[in-house]
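What follows is a single structure, written as structure tokens, with notes after it.
Read-outs: derived from the displayed coordinates by stated rules, not from any lab. Everything numeric in this text was worked out from a predicted model, so none of it was measured. FYI the Cβ positions are ideal-geometry reconstructions off the backbone, even for glycines, and counts take in every protein chain you see.
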Amino acid sequence: MYHKSICPILIGLFLILILQVSAASALTAKHHYFNAEACYYKLKKDKNRQRCRHNWLTCIKKFQIVYRKHPSDPWAPAGMYMAGKMFWGLYRNSYRKSDKEKALNILKQITKLYPKSRYKQKASNFLHTIKDKDESAAYSRNNKRSGKTQQKVARAKQQHKKK
């Protein structure tokens, strides 16, 4: 008798569990995006969290879910843009070439996969900003080197005059 009353309860709990799992997997792209965006803002507010690579990757993966699970949804290019933007932010902290390459690849993909999306222009603008920053950083590195070289030459001339 005890077993007969437990069976319906277990079956009911099992059905509730199945319904919850199917409801969770049926989240829309918009829900996935807002979940990822909450992660992004939480990371953005906390400098200590920004120091840990896994915190960045956690948020990036959430944005990747948006465009991987819902590639034809209007939220897909937004998720892709934010994943690229976050990889760039991670690169600015880690200076890992692979992070930079992932950022560039994702942003370039947006322009190819979503040509009618407003994120095409945003991605293009972001790519130009990255290119400009890279060029100015290279220019300043070269000028610092040439400035040091000029200082060495000036010191050598002064030493030569003393002799």
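Please arrange Ile60, Ile106 by counting, for each residue, the other beta carbons lying within 10 Å of its beta carbon, fewest first.
Taking fewest neighbouring Cβ atoms as first place, the list is Ile106, Ile60.
How would you rank Cys39, Cys52, Cys59, going from fewest to most other Cβ atoms within 10 Å of each one's own Cβ?
Lowest count first: Cys52, Cys39, Cys59.
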